[in-house]
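Presented below is the structure to which this report refers.
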Amino acid sequence: MQADATRYRIDPARPPHVIVTETMNAALRTEPQVAIARHLVKQAPGALLVPERVTVRACLLDPAAELTPPVWPGQPVPPLRRDRIELGTVFELSRATIVAWHGIDGATLPAAAITVPPALAPRYAARLMTRIDAFGPHRLDGYESSLNLPQRLPGRPVLGGGERLVFDYRLGSEPGLACRVARPSA
Ligand SMILES: C[S@@+](CC[C@H](N)C(=O)[O-])C[C@H]1O[C@@H](n2cnc3c(N)ncnc32)[C@H](O)[C@@H]1O
């Protein structure tokens, strides 16, 4: 059977034990993972959700320190020393957040606001990182798949340090996080 999973009606007499959906892109943009998980979990609250959690967090990183540089054959591989500053979780998709969104009928879902540290060193770039907890210990995180590659912030704001980044999640045909920059007061 084929159906639009954002509209599919579950037979209440035969609720599923497990809901599995992999309809996502990095940082939960473009594809309808959020809308599908939300629509199906609402109808079958007792079902296990796989992935059980998708977390998008923000960090500052030095892109030059993210990957091991090319090494000549026979030469030692230098240790990878990533240079990151974690800024916190921006958005989470899980049973808990779906329950928390109960009653929200509009086209946006709440996401977090984060503050960029003041006096930002120029080597740092802001990125969104996606972690997928499939189930229990089974997860995908940084660089383990295309879904876990660092992503630029929506709108690609230029940051100098001290800004407040206010996120929300837009549903609809082009879903994804949106980011508004509240400039630091002088
Ligand atoms: C990222 S791909 C995942 C494919 C699958 N995990 C695999 O490895 O073959 C997302 C899939 O979800 C389907 N899809 C997107 N929106 C959908 C919707 N509203 N209802 C049902 N399927 C949808 C797309 O057609 C695509 O095949």
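The values are calculated or read from the model by the stated rules, or taken from the named source; none is laboratory data. Quick caveat, the model's predicted, so the values are computed rather than measured. No Cβ is skipped: glycine too gets one built from the backbone with ideal geometry, and neighbour counts run over all protein chains shown.
Below is a table of values for the structure above.
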| read-out | value |
| --- | --- |
| Pairs, first free of Cβ contacts under 8 Å to residues at least 60 places away in the same chain in segment 77-99, second loosely packed, with under 12 Cβ neighbours inside 10 Å and aliphatic (A, V, I, L, M), C-beta under 8 Å, six or more apart | V77/V71; P78/V71; L80/L67 |
| Selection count where residues are of a type outside the set (D, E, K, R), within 23 Å of the chain's Cα centre (by Cα) and either within 12 Å of the ligand (Cβ to nearest atom) or part of a helix (DSSP H, G or I) (or both), scope segment 1-60 | 22 |
| Every pair of residues 6+ apart whose Cβ atoms lie under 8 Å, when the first sits in segment 1-13 and is of a type in the set (A, V, I, L, M, F, W, C) while the second is away from the ligand (no atom under 11 Å from the Cβ) | I10/P16; I10/Q43; I10/A44 |
| Per-region count, segment 69-99, residues surrounded by 10 or more Cβ atoms within 10 Å (Cβ to Cβ) and farther than 14 Å from L49 by Cβ | 12 |
| Enumeration of residues in segment 102-115 that are part of a loop (DSSP other than H, G, I, E, B) and β-branched (V, I, T) | I104 |
| Answer residue from segment 67-101, given it is polar (S, T, N, Q) and not in a loop (DSSP other than H, G, I, E, B) and is nearest to A113 (Cα to Cα) among those | T89 |
| Neighbours by Cβ (under 9 Å, 6+ apart or cross-chain): first from segment 23-41, under 23 Å from L153 (Cβ atoms) and among the β-branched types (V, I, T); second near the ligand (Cβ under 7 Å from one of its atoms) and modelled with pLDDT of 95 or more | T23/A5; T23/E31; T23/P32; T23/I36; T30/M24; V34/M24 |
